[in-house]
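The values are calculated or read from the model by the stated rules, or taken from the named source; none is laboratory data. Because the structure is predicted, anything quoted here is derived from the model rather than measured. As a convention, Cβ positions derive from the backbone with ideal geometry for all residues, glycine included, and neighbour counts pool all protein chains shown.
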Amino acid sequence: MKVDNRRHPFRDSQQDREEASHVPDTPQTRSPAYALAFADPEFMCRDELRPVRLQLELLKPELMLDEQGIESTIVMFGGARIPEPAKKDTARTKTLADLSKYYDEARKFAKLMTHMGKAGENVIVTGGGPGVMEAGNRGAVDAGGRSIGLNIVLPHEQAPNKYVTPELSFNFHYFAIRKMHFLMRAKAITVFPGGFGTLDETFEALTLIQTGRMERIPFLLFGRAFWESIINWDALSDAGTISADDLTLFRFVETAEEAVDALENWEGAGEKRRAIPGR
């Protein structure tokens, strides 16, 4: 006998959806108007339903993460084009080939954090794709643990990397909602070398912490030489567009072990700024 945990006596929506799929074939039942609203893909994709889709995309992963007992996460951002060292000869550029060492560091870091975490705590979360993301999910598998993948639909065909835990593999239409899920359970953010997507994720998270919209949490950038070659952090401070204190919101690290040490000795985690320095 099916266990029914509903708190009301009405027929459930799944039951009616099944019944509706077996109605007689008539001009009336073939009309789009007759389809159940919640089971009608054409209706759900209308422009007017965007607010509902936004809610659903926020709600589905939230419910499923709760059901899987995920309490907190360690975020790993990084480039999709960085190969593992064994395949660095396939890299498009010498720089990408040289950056392949961070694939190994990402994998090692994820393995260490997964070993250290209790069930449901500090679970690795990546964008679910290749490169550094794959390394993060792979490291969790190395440790015998679970990890999350937050994919996004892109114009080119893609699938989640094979190391993402299937029950924790999600797909998004809205970048904004995907970003929320990256940060809602985050206890630390780690960023490896990457491109536009990585930079976007990095600066959005830093802005939330800088402005006090988000608690300060450990924020680590792997590869000082890379980051200082593409961003003149001191120039931002010297120009006054950020404050010198903003440069303390993150730290540079080179290795997985150094990152773990930084996380364990981070000061100020859990605090929110009440004022923005320099304003």
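Taking (1) closer than 17 Å to GLU254 by Cα; (2) aliphatic (A, V, I, L, M); (3) assigned to a loop (DSSP other than H, G, I, E, B) in turn, ALA97 satisfies each apart from (3). In region 1-17, the residue that is modelled with the lowest pLDDT out of those that are surrounded by 10 or more Cβ atoms within 10 Å (Cβ to Cβ) and farther than 14 Å from ALA37 by Cα is ARG11.
Taking each residue of region 85-106 that is more than 21 Å from ILE74 (Cα to Cα) and looking for partners that are of a type in the set (Gly, Ala, Ser) and assigned to a helix (DSSP H, G or I) with beta-carbon atoms closer than 8 Å, six or more apart or interchain, yields LYS88/ALA97; ASP89/ALA97; ALA91/ALA97.
Does ASP47 satisfy being loosely packed, with under 14 Cβ neighbours inside 10 Å and over 21 Å from ARG146 (Cα atoms)? Against the criterion (loosely packed, with under 14 Cβ neighbours inside 10 Å and over 21 Å from ARG146 (Cα atoms)), ASP47 qualifies. Only a single criterion out of (1) under 17 Å from GLU105 (Cβ atoms); (2) touching a residue at least 60 places away in the same chain (Cβ under 8 Å) is not satisfied by GLU201, namely (1). Take the residues in region 233-250 that are surrounded by fewer than 16 Cβ atoms within 10 Å (Cβ to Cβ) and within 26 Å of the chain's Cα centre (by Cα); name whichever of them is farthest from GLY212 (Cα to Cα). Across region 233-250, the extreme among qualifying residues is TRP233.
Of LYS118, LYS87, LYS60, all but one fail to be of a type in the set (Lys, Arg), exposed (fewer than 13 other Cβ atoms within 10 Å of the Cβ) and within 24 Å of GLU167 (Cβ to Cβ); the exception is LYS118. Of the residues making up region 63-84, those that are among the aliphatic types (A, V, I, L, M), farther than 12 Å from GLY136 by Cα and either surrounded by 14 or more Cβ atoms within 10 Å (Cβ to Cβ) or touching a residue at least 12 places away in the same chain (Cβ under 8 Å) (or both) number 4.
For the residues TYR102, TYR34, the requirement of being at pLDDT 90 or above, surrounded by 11 or more Cβ atoms within 10 Å (Cβ to Cβ) and within 32 Å of the chain's Cα centre (by Cα) singles out TYR102.
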